[in-house]
Structure formats: C-alpha cells, structure tokens
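What follows is a short report on a single structure.
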Amino acid sequence: MKALQIAWKDTLTKIRDWKALVGLLAAPLLISALIGLAFGNLAFGGTEPPLSNINLILVNLDEGQLGQNYVDVLTSEDLGELFQLSEMQDLAAARAEIESGNARGVIYIPANFSANALPGESNPGSGSASLNLYLDPAANISPFIIQSVVDQITAHINTVLLAADVTVNQIVPQAAALGPAMLQLEPLLEAELQPENFNFETPRLTLSKIEVGEVAESVDPYTYFIPGMAVFFLLFSMFDGSRSILLEESRGTLPRLMSTPTPLSQIILGKMGGTFLTGLLQFGVLVIASSLIFGINWGSSIPGLVTIVVLTVFAASGLGSLLTVFARTETQASVVATTVALVFGALGGSFFPVQNLSGVVDTISKFTLNRWAMEGLTKLTIQQASFNDILTEAAVLAVIGLVTYSIALIGFQRRFVK
C-alpha cells in the first residue's frame, strides 16, 4: 500500500510540471511529424530511395544467351552500387535466404530458358519462356526496385525478340519472293507492319512475381515514426524518473523518508512504480493524440496493444532503474542514460526500419528493448496482427523488465542500507 501511495504521489508531481509534459508529449509528436514530412517519401516508397547494396540472388540454370543477358545487366557498372548480387544454383536454398532476412529477392531463370524462347530446329516459330521473381514481403522498398529493374530487362529483351520476328518471319520471306518487284517493298512493309499481324499481347518472355510470405502493403510513414519516437522518448522519461532517486538522495529527502516506519523495499518500489505509472500515462496519451492528429491506426487488437505498451514501459523503467543504481552521481547517470537511449534508438529501429540491418549490427540490435518494442508495435500497426502474433515480443520485453527490476531493487537496497 505504501509503495502505491509513493508511486501515485510521484506521478502527480510529474504531470504537474508543464515543461516536463511538453518534453514527454509534444516533442515526440512534433519530431515524428517533421521526420515523416522530410523523409517519409524516401523511406517508404518514394521515387528516389537512398538505398544501395540490396541483397539480390540470381539462380541462373540457363546455358543460353538470354540468361546471360540478365547476368550482364545486373552486374553492369550502372547497377553495381544498387545491388549486391550473388549467384546460387539451388532455388530452395535461395528462397531460404529471403525467409531468414539475408536477401530481398531471388531471380530464378530455369534451364532451357533461351532454348524455349528462341526459335530453332527443335522450336520452330516463336517460342515462349518464363522466369520467376521471389520477393521479401516484409521489405517496403527493395521489392519494388528489384521488380522494376527485372521488368525493364524483360521488356527490352521482348522488344528485341519481336523485332527479330518481324525481320525473319515477315519481311525477309516476302522480300525474297518479290524479286524484281523490290520497288514495291515500301507498300509491302506498311501492309505487313500492322498490329493484326502480330500478337503484341503475348510476349515471348514472361515474368512471374512470387511473394515469399504475405504481401506487404504500402505504409504510412507516420505509422512507423510515431511509435518509434514514442519508444525513444519513453526511454528518456524513464531514465529521468529513475534519476530522481539520486536527486532525493542528494537533497536529503530520501534519508528522511527512510527514517520513517516505511520499509525500504516499499520506498524503492514506490519510486520505481512512480516512474512506471508516468511512462504508462505518457505512452497512453501519445497513442490517443496520434490517433486524433495523424489518424494512426494502432491495430485491431486492443489486448495486443495494451500488452506491448505495458511491457515496453515495464522494460524501459526497469532498465532506467538498473542504470541509475550503478551511477555515483546524477551527472554520471544522465550521461550514461542519454548514451544508452541514443544507441538503443539507432540500433533498435526508433529512427528507421531495421530490416536492412545484417550481420553483427543486426544481432546487437536484438539486445535492445527498442527492437522488440518496435517489432511488436509494427506487427500491430502495419501488419494488423493479432494478440497471438506478438507473444514473442511480449515475452522478451517481460523478461527484460523482470531481470532489470530485480537487479535494480537488490542494488538500491544494498546501496541505501548503511
């Protein structure tokens, strides 16, 4: 009971400070709006996305010239910085790279691709062939770029093949038959080069796009940036709330409170609980405000949203308490907390999607609470996931909160017991 009273008192003190309210509520919304206006088009489907080294896999089983044409274009100097192309022979292994997040797309050119498309002794007339394009539906930009490039290559080859058909199958035989009547070649060409003489609607080469998973829909940039800023500023407020314990220690308020009959554990839990309640209030107001101002859809699963929000605040307040318990002074706590908040924000996806992270950086980002909070919120807001879909993220956040709170509580008790 005492812990709840202390927590409620600290929460009321916090919300009465209008300067703090501006920092906790207005700043995340304002910065989200500015980022969305400045970079939203570029980050979520603009015409000039600042991307490079998109991981692309080519499975070319064709031994003919047409398959080699795709290789030549994709490895050309013009596309050298856009794609990080690797070649494989196993389609199943290549698709597994997409599912594991190591590749954004796979171009599959089957065996006898050239032989089926080009006329020959075994394939008289106009043949046809098809290639498959496998894309990562979890990516927002890369699939559109990959498909656009492959479409352009395919369209160009179709144009060349069509021109060859016109020359070989139509003009040359007619010209040979004319003999002395070559003077009549121009009317003949005009008569032959008519749309009804060619099947323009059935190209020789066809491209089949296959999504490896569910198709990703277009994303409103605010739907990503506002939750990202909410988690980012939550860390600052949680760290600031935890540092208030050091402030009360330096001012002598905490020792006086400890001289009362209230158990030390109740006092510490109350202080940590006040930070937790402030975070819940902050995040809750941001959810409501962003829905009214920006029209953000926070998902169809209210239980899922409440669970992720509560556990994110729980993990953030626990982490703030843990960092504070090992700090010697308020200044030291402030420097460490600010550094951790910035690093977690950059690696955890508060500023930009982490889908293009790879290797060691991607592994490190999974140790940040921002990463798990953003993955849970992104599933709810962008993918419209259900409660069961965010259980993994919820479990990780709960573990982070339990571990950090437990260590912080033990640390505070040892620190203040003289």
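Among residues of segment 379-397 that are closer than 16 Å to Gly349 by Cβ and basic (Lys, Arg), those with a beta-carbon under 7 Å from a residue that is at pLDDT 90 or above and surrounded by fewer than 18 Cβ atoms within 10 Å (Cβ to Cβ) at least six positions away or on a different chain give the pairs Lys379/Asp389. Condition test on Thr307, is it within 26 Å of Arg415 (Cβ to Cβ) and of a type outside the set (Lys, Arg)? Judged against the criteria, Thr307 is not a match.
Note on segment 367-395: among residues that are hydrophobic (A, V, I, L, M, F, W, C) and open to solvent by 40 Å² or more (accessible area, probe 1.4 Å), the one that is nearest to Ala230 (Cα to Cα) is Trp372.
Matching residues to (1) farther than 19 Å from Phe283 by Cα; (2) at pLDDT 85 or above; (3) of a type in the set (Ser, Thr, Tyr); (4) buried (at least 20 other Cβ atoms within 10 Å of the Cβ):
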position	(1), (2), (3), (4)
Ile6	yes, no, no, yes
Thr13	no, no, yes, no
Ala20	no, no, no, no
Pro28	no, no, no, yes
Leu74	yes, yes, no, yes
Glu81	yes, no, no, no
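Take Ser290 and tell me if it is surrounded by 16 or more Cβ atoms within 10 Å (Cβ to Cβ) and more than 21 Å from Ser317 (Cβ to Cβ). Yes. In this structure, Thr338 qualifies as of a type in the set (Ser, Thr, Tyr) and surrounded by fewer than 19 Cβ atoms within 10 Å (Cβ to Cβ).
Looking at (1) more than 18 Å from Leu74 (Cα to Cα); (2) at pLDDT 90 or above, which is the only condition Gly120 fails? With respect to (1) more than 18 Å from Leu74 (Cα to Cα); (2) at pLDDT 90 or above, Gly120 is out only on (2). Report yes if Ser142 is polar (S, T, N, Q), modelled with pLDDT of 70 or more and surrounded by fewer than 19 Cβ atoms within 10 Å (Cβ to Cβ), otherwise no. In short, no. Looking only at residues of segment 92-116 that are in a helix (DSSP H, G or I), among the aliphatic types (A, V, I, L, M) and buried (at least 19 other Cβ atoms within 10 Å of the Cβ), we find that the one that is modelled with the highest pLDDT is Ala94. Residues in segment 315-339 that are within 15 Å of Gly241 (Cα to Cα) and within 24 Å of the chain's Cα centre (by Cα): Ala315, Ala316.
The values are calculated or read from the model by the stated rules, or taken from the named source; none is laboratory data. Everything quoted here is computed from the prediction, not taken from an experiment. Every residue, glycine as well, gets a Cβ built from its backbone with ideal geometry; the counts of neighbours run over all protein chains shown. Areas reflect the complete protein model, heavy atoms only, side chains present, ligands, DNA and RNA absent. Shrake-Rupley method; radii C 1.70, N 1.55, O 1.52, S 1.80 Å.
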